[in-house]
1. Run residue 116 past the list (1) out of contact with any helix residue (DSSP H, G or I) (no Cβ under 7 Å at 6 or more places or on another chain); (2) under 15 Å from residue 47 (Cα atoms) and report the number of the one that doesn't hold.
2. List the strands (runs of 3 or more DSSP E) that sit entirely inside region 1-107 and contain at least 1 residues that are at pLDDT 95 or above and surrounded by fewer than 15 Cβ atoms within 10 Å (Cβ to Cβ).
3. Kindly indicate which of 80, 101, 60 is in contact with a helix residue (DSSP H, G or I) (Cβ under 8 Å, 6 or more places away or on another chain) and assigned by TED's automatic domain parsing to the domain that holds residue 116.
4. Quickly run through region 10-34 and pick out the residues that are within 19 Å of the chain's Cα centre (by Cα) and farther than 18 Å from residue 155 by Cα.
5. Return the total of residues in region 145-176 being surrounded by 16 or more Cβ atoms within 10 Å (Cβ to Cβ), over 18 Å from the mean Cα position of the chain (by Cα) and in a helix (DSSP H, G or I).
6. Pull up region 206-227, narrow it to residues that are more than 19 Å from residue 186 (Cβ to Cβ) and under 25 Å from the mean Cα position of the chain (by Cα), then point me to the one that is surrounded by the fewest Cβ atoms within 10 Å (Cβ to Cβ).
7. Considering each of 194, 179, 117, 129 in turn, give the residue that is under 20 Å from the mean Cα position of the chain (by Cα) and either in a strand (DSSP E or B) or buried (at least 17 other Cβ atoms within 10 Å of the Cβ) (or both).
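The values are calculated or read from the model by the stated rules, or taken from the named source; none is laboratory data. Just so it is clear, the model here is predicted, and its values are computed rather than measured. Ideal geometry is used to build each Cβ from the backbone, glycine not excepted, and the neighbour counts take in all protein chains shown.
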């Protein structure tokens, strides 16, 4: 379960070597071994245009990026941190690249006029009826956008049910708002102690910080439970 796009998954494949993944904050069911998209829940084109229109009005300094297939496109004003070199031809206005349904859009204030939390409040007010908005880094001034109703929690619940399992069978860990739906749904969920300040509100438990091996400590304890 990750917010990552497919193009970032090869290193995960090398680390795990089995199974499927839920990518892009729940927008994609991905065959990790065969590097194939099995299912997608995409943002319709009309919603993309309307989202950009409303957010430009609400936050004039905002800029945008979009992701579909293996492509990443961004505006010149959007300063990417992790995809430098993927898109060699940024555009002035992202509308030029809104040409098909997208699994994720991004919006940021590269001048850091707002924090991610502040942007999230604005976006939920302005476009919460149109798309799902979240973020994964409070210090980035960055929002992550999915189709309306799409989230990690929703997709996890859907795929788990297909396998005959329920929330009682799932263990989850998370640290930021893009994890909150998953933490709320799973009956055994841990918020990372060094994560977002609101994460414990959505989780059942709190794990030690990541640099203190918080996830590993919990897993080791769970493995001691009877089968």
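1. (2)
2. Working: elements: 20-23, 28-31, 36-40, 63-68, 71-74.
Per the criteria, 36-40.
3. Details: 80 fails: in contact with a helix residue (DSSP H, G or I) (Cβ under 8 Å, 6 or more places away or on another chain); 60 fails: in contact with a helix residue (DSSP H, G or I) (Cβ under 8 Å, 6 or more places away or on another chain).
When all the criteria are applied, what remains is 101.
4. 10, 11, 12, 13
5. Total meeting the criteria: 2.
6. Residue satisfying both the conditions and the ranking: 211.
7. Numbers: 194 fails: either in a strand (DSSP E or B) or buried (at least 17 other Cβ atoms within 10 Å of the Cβ) (or both); 117 fails: either in a strand (DSSP E or B) or buried (at least 17 other Cβ atoms within 10 Å of the Cβ) (or both); 129 fails: either in a strand (DSSP E or B) or buried (at least 17 other Cβ atoms within 10 Å of the Cβ) (or both).
Every option except 179 fails the conditions.
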